[in-house]
Amino acid sequence: MKIIKHLSILCLAILITACSTGPKKSSEGQENAVKEKTSQTPSNYLEFVPSIVRIETFDKSRFLESETAFFVDSNLIVSRLSPLIEATNAMVIPWDEKTKYKVDGFVAVDRINDLVLLKTSQVIRPGIPLESKIAVKDQKSIYLTKPTGNALPLHNGKVAKHGNVSGSMRYSVTNKFRSQSYGTPVFAGEKCIGLGYADVIDYENRNLVIPSDLIIALLQKQNEAPQPLIQLKSSTDKATSEANKHIKGLLIETDYGNIKIRLYNKTPEYRDNFIALVNENYYDSLLIHRVIKGFCIQSGAADTRYAGKTDVIGWKGPGYTLPAHIVPGLFHRRGVIGSPRKPDRGNSKRRSDGSQFYIVTGRTYSDLELDEIAKETGFNFTPKQRQVYKTVGGAPHIDGSYTIFGEVTEGMDIADKISAVAVDSEFRPLEDIRIRRISIIK
């Protein structure tokens, strides 16, 4: 039985040195190459140094991680989300001084592209100019490392490709990023084309850049008031959680039509998490990536927004999971909304994916089938549940094993249309079906 799968102005006397990331040459050839690269390097890279920082993250007083970040506006710093996902507070230390400044909080987040926009009121620096256009293949790419003495190292490379990498848009570059330089601004000419880091993709170390157009988009949707860093870890403050109790419902707009849903107050952590992701526009343009006729339709995987036809999808979440919350009395009747998870093997606590969800379209079952399922799973169906499964339908084989946190209130006909589409061997629709957006019904 197949169940849901997973898932940076120093004085002008500073000497600029260029660090080549290519193969070694003879000493004469290498010297000429360095001279050539240095002569082509704009001297105004020096003015960007004060706008680059080291960020240190903490869980209360416990140190977590440190990497590079940079100002994109006078009091706004862009960073990778990864080193902040478990943080309750953070400090930034500008490259041109030793003082540590407290981060007030975050004003925008893009979980799919691993970006967060941080605000600090304790230090003001000019923002590094961002390039809004996509850099072309073979364009020179440069990043800086912190000045040592009177030298500002420049590391040269070039843009190899722009495209989808593991579900996110990235540049692949020939620069070599080391852990201490993760989060660094990468330049092409006099503008920043994005934020650099390295990762292992398909058993290969890749040097990648999160494109600057994604940072610009993040700037455009920032909140006025900074939110506590702890909320990056799927938590919601008491006041917001209380307000969420009174939300009437949400509207899922798909390529096939609209589906209205409501979230249960019996599972508040799932309700609050879903609403928080909706407010971040997390679900916009994600695929309905798995359709199993007679069972469910599934969406919310972070790796589907930019996915190509042959990409392996459905395994990437928002960077966290949620504890199981199986409420007695809730069962997988047709129309309920649940949270997929990894199998019990390797997930003994049955923690759910942090963003994916399924809508049960289901089918009807006979008493004999229900008896067999009860024997196999150990879940005992009540007479009422049996009656629903025999007349309305659902997915009884996953009762007691997956968290249910909502239901469809209108638009099951749209879910049924999606459920009937042609799919491949991995249950992905042959023609892409997207969630255009999810919004809160006021």
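Taking the conditions exactly as written (assigned by TED's automatic domain parsing to the domain that holds Lys102 and not polar (S, T, N, Q)), does Leu251 satisfy them or not?
Here the answer is no, as Leu251 does not meet what is asked.
On the given criteria, is Asn89 in contact with a Ser or Thr (Cβ under 7 Å, 6 or more places away or on another chain) and not charged (D, E, K, R)?
Criteria not met by Asn89.
Which of (1) over 18 Å from the mean Cα position of the chain (by Cα); (2) part of a loop (DSSP other than H, G, I, E, B) does Ile337 not meet, given it meets every other one?
(2)
Tell me the residue from Lys342, Lys316, Lys309 that is in contact with a His (Cβ under 6 Å, 6 or more places away or on another chain), within 28 Å of Val165 (Cα to Cα), among the charged types (D, E, K, R) and assigned by TED's automatic domain parsing to the domain that holds Glu280, please.
Lys342
Residues that are assigned to a helix (DSSP H, G or I) and of a type in the set (Val, Ile, Thr): does region 241-253 have at least one?
no
Residue under question is Glu369, and the condition is that it be in contact with a strand residue (DSSP E or B) (Cβ under 6 Å, 6 or more places away or on another chain), at negative phi and either in the same structural domain as Ile112 (by TED's automatic domain parsing) or surrounded by 14 or more Cβ atoms within 10 Å (Cβ to Cβ) (or both); does it hold?
Judged against the criteria, Glu369 is not a match.
Name the strands (runs of 3 or more DSSP E) wholly inside region 256-333 in which the number of residues that are out of contact with any helix residue (DSSP H, G or I) (no Cβ under 9 Å at 6 or more places or on another chain), crowded, with 22+ Cβ neighbours inside 10 Å and basic (Lys, Arg) is 1 or more.
The qualifying strands (runs of 3 or more DSSP E) are 288-292.
Applying the selection to region 206-230, what residues are within 16 Å of the chain's Cα centre (by Cα), within 16 Å of Leu130 (Cα to Cα) and among the hydrophobic types (A, V, I, L, M, F, W, C)?
Across region 206-230, the qualifying residues are Val209, Ile210, Leu214, Ile215, Ala217, Leu218.
Among the numbered criteria (1) closer than 28 Å to Ser419 by Cβ; (2) more than 23 Å from the chain's Cα centre (by Cα); (3) not basic (Lys, Arg), which one does Phe187 miss?
The number of the failed condition is (1).
Kindly provide the set of residues from region 282-296 that are within 17 Å of Val421 (Cα to Cα) and not β-branched (Val, Ile, Thr), ordered by number.
Leu287, His289, Arg290, Lys293, Gly294, Phe295, Cys296
Might you check whether a residue that is part of a helix (DSSP H, G or I), in the same structural domain as His332 (by TED's automatic domain parsing) and surrounded by 14 or more Cβ atoms within 10 Å (Cβ to Cβ) occurs anywhere in region 397-406?
Looking for residues that are part of a helix (DSSP H, G or I), in the same structural domain as His332 (by TED's automatic domain parsing) and surrounded by 14 or more Cβ atoms within 10 Å (Cβ to Cβ), one finds at least one in region 397-406, hence yes.
The values are calculated or read from the model by the stated rules, or taken from the named source; none is laboratory data. Just so it is clear, the model here is predicted, and its values are computed rather than measured. Methodologically, a virtual Cβ is constructed for each residue, glycine included, from the backbone with ideal geometry; neighbour enumeration extends over all protein chains shown.
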